[in-house]
Structures are given as structure tokens and as C-alpha cells.
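**Q** I'd like to ask you about the structure that follows.
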Amino acid sequence: MINFLQDIFLIFSSVMLYPVMICLLGLFVWLIITLGGFIFEIYERKKQPGKQGVKERIDAFVLKPLENMQQQNDPHMPEMLKMPMYFREYMNKLSAELKKENGGSEMDIEYVLQDTEQKMTKEVDKLRLLIRVGPTLGLMGTIIPMGPALSALAQGDLEKLSSNLIIAFTTTVVGLAIGIVAYVLSLLKNRWVNEDIRNLEYFTEGIMQYEIFEKKTTSTR
């Protein structure tokens, strides 16, 4: 009975080896693409202003929404295009919400803000997935070939032993590399997201204060 169970588990683990290697390769390609996106984002962020730029965006949004600038070919449009993509999308959503007849309430704007923040945090969740799954698959790719390697050692088959050990060590290296690089990128991305969320909240608060001031002014008149 024990030998039967051993054979079943050996077959099961051997079948899992190739899917594990394919998943590791897919994660590695995904990491390379993500790394390229990070390099591009670093380049884009170097061109963006800081908190002072957020104040300028509030003034630009109040005077002339982004979509109007696009339609009228405003000369300030190139400066506005330096904003992150999420900021431009949020400005368009916020502008559309404020234009609604029954929209523009604090609850509606808060919903739009939280929806944007949730989309931003999803990028960090993808990196956390790589941090967890990469080393786990690397460990599986290490342990699975060890059974056939020990069996080959007992039979004196050095060629089979060496091939299984090569698979075991290379999958370990790839899995750990994925985890390390994803961890570093997640730290950087998490810092960016927190900074961007603060800027979004600052921008939204400025717009809300302007809207409240306008309503009070209109009612006084």
C-alpha cells in the first residue's frame, strides 16, 4: 500500500513539473514587461511638478476643464499632458460628475475618488502576487525534481541525476529573482500610489471648496 501511494504521488508531482516551469516562465515575462513600464513611469514622473503643480491643476480645472482644453487646442495643454494618466482620467470623470444636473454632491465625488484610488492600488496588488507566487513556484520547481534525482542516484544514472538537479536549481533562481525584483518594485510603487492618493485628495478638496464657495456666492446673489 505504501509503495502504491508513493507511485501515485510521484506521478502526480512529475505531472506538475512542466506546468510549474511554464508558469514561472510566464511570470518572468510578466515581470520584464512590468519593469519596462516602471522605467517609462520613472521617466514620466521626472517631468511632473510636485504639490505646487497640484495647485496649478486646481486652477486650470476650475477655469477650463481638461476636455475643453483638448477641444479648443489650449496652449497650456502640453503642460496638462504631463500629468499622470490616472489624474487626467479622474479630472474627466470629476468634470462629468459636476456637470450632471443632480450630480456634484460630496457623496458622488467621494465615490469617484475611491473608485480611482482602488484602480491605483490594483497595480500594487499585482506586484504582491508576484512576490508570493514567484518564490512559491520556484520552491515547487526545486522539490519536484528531487524525487527523480534521488531515484536516479540510487540507480547510478548520473545523466538523469544531473538533469533533474539543473531543473531544481534553475527554477529556484528564477523564482527568487521574481520575488526580489517584484518586492523592490512594490516598495517603489506603493510610495508612488500613496503620494498620488494624497495629491488626488488635495485636488478634490480644492475643487470641493471652490464649488461650495460658488454655490454660496450664487445663493447670495
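**Q** Among VAL15, VAL181, which comes first, second and so on when ranked by fewest other beta-carbon atoms within 10 Å?
**A** Ordered by Cβ neighbours within 10 Å, fewest first: VAL15, VAL181.
**Q** For the residues GLU97, GLU201, what sequence is obtained by ranking on other C-beta atoms within 10 Å, fewest first?
**A** With the sparsest Cβ surroundings first, the list reads GLU201, GLU97.
Taken together, the values in this text are just the output of simple stated rules run on the coordinates, not laboratory data. Not measured: the values here are computed from a predicted model. Using ideal geometry, Cβ is built from the backbone for each residue, glycine included, and neighbour counts are taken over all protein chains shown.
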